[in-house]
Amino acid sequence: MSHQSNSPDDMAAPINSMAKAEASKTKQAAAKLITNAAKVTEPEKIVVDKPPPEPNYPRYRVEPGERITLAALDPNASEHYKKEKQVVAELKKQRKRIRKLQERLYAENQRSLLIVLQAMDTGGKDGTIKHVFRDVNPQGCQVWSFKKPSDEEASHDFLWRYHHRAPERGMITIFNRSHYEDVLIVRVKNLVPENVWRERYHVINEFEQMLTLGKVTVIKFFLHISKDEQKRRLESRLENPDKRWKFSSNDIQERRLWDEYQIAFEEAINNCSTDYAPWYVVPANKKWYRNLVIARTIADTLEAMNPHYPAAEADLENIVISD
């Protein structure tokens, strides 16, 4: 009677097949999650009854693979809106929506929203936060501003300090400047070699995808102002004693690098606007229009996320509160 033994190749075949099947399932699961997450970053397709919305914020979203040039985009654009008084009531409505949806997001405690704000100096990041989020419950909203890294931050990888401030479940977190500084100022000022900052676009996309897989919705706004508008705003700070604290002589040095910064912003936006973490280039010369566009975009995104209050305990209707 002969005995047949399995060769190593025969044994390896089913193992390799199982490994490939597992790898395929893993990729499919991640792809499904990313696809579902990307749906809420086109919220007008979910929550707007008759597109386009008012204001038409999707026109400012940079689609993946699209190549924008900031000089070709009008920072004075405001659609059919001509004066601030035309948007007062609508802005109030959108702030109210954000407040109510934030309450649901906080109570649900399952997902979170990360909002990235970037701009040239005087671009209006602080003003946007003040006017768009004034009705939000501070318990459910955090703002982080990133300046020159500390010694501890600089001793880690460039994303460490940003990941450390990523939103907890249930939270809205706003990055006033962000991880994009590491492909902006470091590029313009030659703080690191080109081969270092150029690789970071890919790393940033992976970072934002990782956040998305962790149930963080990411939306990013570049507040687009003109060089003339920046000059006017800097002069306004100098002329008003109550605003001089916001002025720095370094602002003049940075202004001389306007063209270099515009190129750096263009490349960051072009390389890092994705289905799951899109960039919006918002005309920002008119502050009131900027506020309305951003408020409506955030409100619609939160509504598309559709957070729910958690279920109440059973039989609460039978509880009697004693005197």
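The values are calculated or read from the model by the stated rules, or taken from the named source; none is laboratory data. Bear in mind the structure is a predicted one, so any value in this text is a computation, not a measurement. As a convention, Cβ positions derive from the backbone with ideal geometry for all residues, glycine included, and neighbour counts pool all protein chains shown.
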Notebook entry, point to check: Any residue at all in region 183-202 that is closer than 26 Å to A295 by Cα and surrounded by fewer than 14 Cβ atoms within 10 Å (Cβ to Cβ)?
Noted result: no
Next item on the list: Could you please find all residues in region 148-188 being in a loop (DSSP other than H, G, I, E, B) and touching a Leu at 6+ places or on another chain (Cβ under 8 Å)?
Entry: A166, P167, G170, M171, R177, S178
Item checked: region 71-83 residues that are surrounded by 11 or more Cβ atoms within 10 Å (Cβ to Cβ), paired with ones that are of a type outside the set (A, V, I, L, M, F, W, C) and in a loop (DSSP other than H, G, I, E, B) (beta carbon under 6 Å, 6 or more apart) -> P75/S226; P75/N285; N76/N285; S78/K286; E79/P55
Next item on the list: Return yes when K231 is surrounded by fewer than 21 Cβ atoms within 10 Å (Cβ to Cβ), of a type in the set (K, R), under 24 Å from A77 (Cα atoms) and in contact with a helix residue (DSSP H, G or I) (Cβ under 6 Å, 6 or more places away or on another chain) and no when it is not.
Entry: no
Checklist line | Out of E254, E266, E260, sole residue that is touching a residue at least 60 places away in the same chain (Cβ under 8 Å) and within 21 Å of D126 (Cα to Cα) | finding: E254
Item checked: Residues satisfying the stated conditions in region 196-232, i.e. under 28 Å from R255 (Cβ atoms), touching a His at 6+ places or on another chain (Cβ under 9 Å) and touching a residue at least 60 places away in the same chain (Cβ under 8 Å) -> I204
Item checked: In region 52-85, the residues that are farther than 29 Å from Y201 by Cα and part of a helix (DSSP H, G or I) -> E84, K85
Margin query: Quick check on my filter: what residues within region 265-290 are surrounded by fewer than 21 Cβ atoms within 10 Å (Cβ to Cβ) and either of a type in the set (V, I, T) or assigned to a helix (DSSP H, G or I) (or both)?
Written below: E266, E267, N270, N271, K287, W288
Checklist line | Subset of region 100-147 (residues that are within 19 Å of F265 (Cβ to Cβ) and part of a loop (DSSP other than H, G, I, E, B)) | finding: M120, D121, T122, G123, G124, F146, K147
Margin query: Show the residue pairs meeting these rules: Cβ distance below 8 Å; 6+ apart or different chains; first residue within region 156-180 and at pLDDT 95 or above; second residue assigned to a loop (DSSP other than H, G, I, E, B) and of a type in the set (D, E, K, R).
Written below: R169/R111; R169/K215; G170/R111; T173/R165; F175/R165; R177/K147
Item checked: Looking only at region 198-229, and only at residues there that are charged (D, E, K, R) and in a helix (DSSP H, G or I), the one that is farthest from A166 (Cα to Cα) -> D228
Next item on the list: Working only within region 233-244, note down all residues that are of a type in the set (A, V, I, L, M, F, W, C) and free of Cβ contacts under 8 Å to residues at least 60 places away in the same chain.
Entry: L238
Checklist line | Residue list for region 164-176, filter: farther than 16 Å from A277 by Cα and touching a strand residue (DSSP E or B) at 6+ places or on another chain (Cβ under 6 Å) | finding: R165, R169, M171, N176
Checklist line | Any pair with Cβ under 7 angstrom, 6 or more apart, that starts in region 137-148 at a residue that is closer than 14 Å to K125 by Cα and ends at one that is assigned to a loop (DSSP other than H, G, I, E, B) and not hydroxyl-bearing (S, T, Y) | finding: W144/R165; S145/R177; F146/R177
Note to self: Any residue at all in region 86-96 that's surrounded by 11 or more Cβ atoms within 10 Å (Cβ to Cβ), out of contact with any Ser or Thr (no Cβ under 7 Å at 6 or more places or on another chain) and in a loop (DSSP other than H, G, I, E, B)?
What the structure shows: yes
